[in-house]
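Working notes, beginning with the structure itself.
The values are calculated or read from the model by the stated rules, or taken from the named source; none is laboratory data. Being a predicted model, the structure only gives us computed values, none of them experimental. As a convention, Cβ positions derive from the backbone with ideal geometry for all residues, glycine included, and neighbour counts pool all protein chains shown. Just the protein is used for accessible areas: all its heavy atoms, side chains included, with ligands, DNA and RNA removed. Shrake-Rupley method; radii C 1.70, N 1.55, O 1.52, S 1.80 Å.
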Amino acid sequence: MQLNNQVAEQHEVVMTIEDLQEQGDQLASKIDTLQAEIDHIMTSFPMYLADALQDENYITEQVLRIQQQTTRLMAKRSQLLTDLAQMGWVPHD
């Protein structure tokens, strides 16, 4: 055991306070960078929807909104096709 302690003491790296401070500053900078990246990820698609996608009411509202929009667009498409047909347009299949 004493031999292990002597070997460990011989391999210890002595760092100055300035070196430790510099390492601490580098680590703090890395932490800030990582936190900024995490914040960016959490505010980017699809992560910003994570909570909403767990809410059944939100999902139901979105499905209804999409269904209503689809119904309006299909009605408009139908009207436009009718208008084109009245102008003599014939679809080419």
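In this view, the solvent-accessible surface of T82, computed with a 1.4 Å probe and all protein chains in place, comes to about 60 Å². In a simple Cβ point-charge model (Lys, Arg +1; Asp, Glu -1; nothing else charged), the stretch 13-93 has a dipole of about 960 debye relative to its Cα centre.
When H40, H92 are compared by accessible surface with a 1.4 Å probe, the order from highest to lowest is H92, H40. Per-residue extension of 0.36 nm, minus the Cα-Cα distance of M47 and T33, leaves a gain of 3.2 nm for this segment.
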